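Taking it in order: structure first as structure tokens, then the write-up.
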Amino acid sequence: MRSAEQGARSTISETLPPLSTALWRHHHVLDLDDFSREEIELVMDIADAMAEVLQREVKRVPTLRGKTVVTMFYEPSTRTRASFELAAKNLSADTVSLDATRSSVTKGESLLDTLLTIQALGADIIVMRHQHSGAPYIAARHINASIINAGDGWHAHPSQALLDIYTIRKHLGGLVGRKIAIIGDIMHSRVARSNMWGMTTMGAKVVLCGPPTLLPPGLKEFIARYRQGQVEVETELEKAIRDADVVMPLRLQTERQQSGLLPSLREYVQLYQINKPRLSLARPHALVMHPGPMNEGIEISPEVARGAQSVIEEQVTNGVAVRMALLYLVARGRNE
Ligand code: CP
């Protein structure tokens with residue numbers, strides 16, 4: 001039987017515990033290249049408080065009541081869009097979901113006009129996914145609403161990287177000294193780029209591994225300039241996985257690839273698929289992660305995707321708490 005206290009806890013009027021947000025300084029969240037370790041820790045701590053809300057019978061707090069969150073997606077999405085929308089509703093924000101393929105964009109309306117229209121309708125926060133790298137940066141320059149980048153072209157996907165870091169932290173206690181192997185289509189992966197910034201800021205060593213044709217040109221020079229000693233580039237899968245604490249295969253982004261980057265899918269599977277024998281090279285406790293969507297049987301074998309070391313579904317679950325934390329912090333920042 002539920003006690004009166006439990007009954008009271010399940011009402012919408014229950015609020016969050018006191019959370020210090022003094023460190024927060026972001027009006028927008030565009031990527032993790034300008035996040036300090038302390039700021040990422042702050043997101044993690046607030047995500048812990050949000051995860052506690054999600055354990056309650058009524059998974060809702062009034063924290064963002066009166067705020068309007070608009071999701072604006074110019075590209076398909078399952079996880080990011082659904083979890084941002086759930087996150088906003090769990091915080092009692094008013095939500096509007098704009099599918100660009102069914103909006104006035106199809107009548108020729110520009111990105112800027114669409115953004116200004118949404119702002120004129122009262123949006124406080126716009127969660128935006130766009131096929132062109134840099135589109136959220138243009139938005140952030142021109143409007144007062146806060147922009148959260150939900151993925152721009154090949155460039156960045158900061159909320160995905162934060163939920164990946166959160167998931168690793170929950171299982172391994174932290175990222176300091178951990179070896180994280182990100183494998184596959186590095187060139188077209190905004191997840192790899194944002195994770196490279198965020199995970200190294202948190203003290204991990206990141207190994208980016210893929211066929212030479214799927215590594216971005218200039219990657220080694222970029223690392224030498226910005227992340228010397230913290231990021232390695234590898235083309236041999238076995239070397240990348242050996243003693244890794246985290247193994248993260250990526251989907252081949254055929255929608256972004258020019259033809260001719262791979263000799264054949266069969267050869268890719270032979271050389272780069274994460275299967276059980278290859279996973280055995282990693283540390284025994286190694287986590288298998290994937291940002292999704294997965295192509296099982298290509299970058300990852302079904303038995304690894306659903307095996308005991310896989311935390312892929314948990315990543316999706318954690319995405320709601322992490323995105324609640326981001327919406328909370330951005331909204332708090334707007335009030336101060
Ligand atoms: N990881 C990710 O961005 O998934 P969706 O495309 O389904 O949002």
Subject >> Relative packing of 127-140, 211-224, which averages over residues the other C-beta atoms within 10 Å, highest first >> reply: 127-140, 211-224
Original post:
Once the Cα atoms of helix 312-335 and of the chain are each reduced to a long axis, what angle between those two axes, in degrees from 0 to 90 to the nearest 10, is obtained?
Top reply: 50 degrees
**OP:** Using only alpha carbon pairs under 8 Å that are at least six residues apart, calculate the relative contact order of region 161-223 and give it in whole percent.
**Re:** 39 percent
**OP:** Scan around Arg178 for amide H atoms under 5 Å from its own, H built in the peptide plane at 1.01 Å from N, and keep only partners 5 or more places away or cross-chain.
**Re:** Lys205
Subject >> J(HN,Hα) series, region 153-165, from Karplus relation 6.51 cos²θ - 1.76 cosθ + 1.60, nearest Hz, glycine and proline x >> reply: x, 8, 7, 8, 8, x, 5, 5, 5, 5, 6, 5, 4
**OP:** Under 1.5 on a/c is rounded, so check that first for region 1-154, then, if it is not, pick prolate when a/b is larger than b/c and oblate when it is not; a ≥ b ≥ c are the square roots of the alpha carbon gyration tensor eigenvalues.
**Re:** prolate
**OP:** Before anything else, pin down the relative contact order of the chain: Cα pairs under 8 Å, at least 6 apart, normalised by residue count, whole percent.
**Re:** 19 percent
**OP:** Kindly count the pairs of lysines across region 177-296 whose alpha carbons are less than 17 Å apart, treating pairs on different chains or eight or more residues apart as eligible.
**Re:** 5
Original post:
Label Gln270 and Leu54 with points 7 Å out from Cα along Cα→Cβ: what is the distance between them in nm?
Top reply: 4.1 nm
Subject >> Cα centroid of region 269-303 to Cα centroid of region 161-197, whole Å >> reply: 15 Å
**OP:** Rank-order 63-73, 95-105 by packing density, defined as the average count of other C-beta atoms within 10 Å over each peptide's residues, highest first.
**Re:** 63-73, 95-105
**OP:** Considering only DSSP beta bridges where both residues belong to region 111-263, give the percentage that are antiparallel (nearest 5).
**Re:** 5 percent
**OP:** Among DSSP beta bridges lying fully in the chain, give the percent that are antiparallel, nearest 5.
**Re:** 5 percent
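Over 36 Å apart: what share of the alpha carbon pairs of the chain falls there, rounded to a whole percent?
Numbers: 11550 of 56280 pairs.
It works out to 21 percent of all Cα pairs.
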Original post:
For Ala82 and Ser110 in one chain, what is 0.36 nm times their gap in residues minus the Cα-Cα distance, to one decimal in nm?
Top reply: 7.6 nm
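None of the figures in this text is laboratory data; all of them are computed from the coordinates on show. Note that the structure is a prediction, hence the values are computed from the model and not measured. Don't worry about glycine lacking a Cβ; one is built from the backbone with ideal geometry, like all the others, and counts go over all protein chains shown.
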